[in-house]
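Reviewing the structure listed below.
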Amino acid sequence: QLQAFGGGLVQPGGSLRLSCAASGSIFSINGMGWYRQAPGKQRELVATMSIGGTTNTADSVKGRFTISRDNAKNTVYLQMNSLKPEDAAVYYCRIWTYRGSDYWGQGTLVTVSS
């Protein structure tokens, strides 16, 4: 029900914007976020946003990545600037609801390399 896209190959210092769109209506949304998983590592939180707009950003990307949303389009974004090789990973979006539902996108690959 969630589809993430926007990944790709970018040089260090470059930018990408990831998008995550819900294919249908999701009711009672409590929050949304982006996570990433690099090869051989556990999935980690990148940034989240509550339905009220409160954001939480991992220290490793603070000041470089920004989460935002477009309620009208049921879409959440992750703007990634000043990308570093260590940012390379599969990025997943997630939406969770007050009712306990938890939706994950299929992942989009970000490669940072010169």
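The values are calculated or read from the model by the stated rules, or taken from the named source; none is laboratory data. Being a predicted model, the structure only gives us computed values, none of them experimental. Using ideal geometry, Cβ is built from the backbone for each residue, glycine included, and neighbour counts are taken over all protein chains shown.
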Quick one: count up the residues across the range 80-110 that are within 19 Å of G6 (Cα to Cα) and surrounded by 15 or more Cβ atoms within 10 Å (Cβ to Cβ).
-> 17
How about the range 13-77: which strands (runs of 3 or more DSSP E) wholly inside it have at least 2 residues that are among the aromatic types (F, W, Y), touching a Leu at 6+ places or on another chain (Cβ under 9 Å) and surrounded by 15 or more Cβ atoms within 10 Å (Cβ to Cβ)?
-> 29-37
Cross-chain or 6+ apart pairs with Cβ under 7 Å, the range 80-96 first and more than 12 Å from L45 (Cα to Cα) and modelled with pLDDT of 95 or more, then assigned to a loop (DSSP other than H, G, I, E, B) and among the charged types (D, E, K, R) | M80/R64; N81/R64; S82/R64
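Residues checked against (1) touching a Gly at 6+ places or on another chain (Cβ under 8 Å); (2) at positive phi; (3) among the aliphatic types (A, V, I, L, M):
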position: V46; (1), (2), (3): yes, no, yes
position: S50; (1), (2), (3): yes, no, no
position: V61; (1), (2), (3): no, no, yes
position: T66; (1), (2), (3): no, no, no
position: T97; (1), (2), (3): no, no, no
position: W104; (1), (2), (3): no, no, no
